[in-house]
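Just so it is clear, none of the values below were taken in a lab; they were calculated from the coordinates. The shown structure was predicted, so the numbers you read here are calculated from the model rather than taken from an experiment. Virtual Cβ from ideal backbone geometry, glycine too; neighbours counted across all protein chains shown.
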Amino acid sequence: MLNKEYLPSRKKDCLKRHTYKDAKFKLPSSDPEYNRNRLMIYAHGIDLHDYDTMLDEQNYRCAICGSEESNNPHREHFYIDHCHKTGKVRGLLCNHCNVMLGQAKDNISILHNAINYLEKHA
């Protein structure tokens, strides 16, 4: 079991010094679930149990659009959405919603402007 108090400070240190790709090459490739768990802990500070708990709380759907699919033919799992400034995990998203937030640069004003635009041209 992971020590939850240890993860946030460990995560901050990892984000400062390493990248996701650095961790990927240091993992054994024989067990995909083991690798996935290690990468989640390394990159986001959560493990598979935390991921599954979040997924259950979201009723196995995207936190934004409610899709039951990841919407990415190369990836069966949802994306772990996180704040790029704090590293805090926010939820699990499908590919479309993850890309949407990324393209809007997580900027609330841009997203409000997009909503206003859609309402104006509906």
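Below is a table of values for the structure above.
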{"item": "Cβ-Cβ FRET estimate between residue 90 and residue 118, R0 fixed at 30 Å, reported to 0.05", "result": "0.85"}
{"item": "Amide N proximity, region 66-105 versus residue 60 label position 7 Å along Cα-to-Cβ, cut-off under 11 Å", "result": "68-69"}
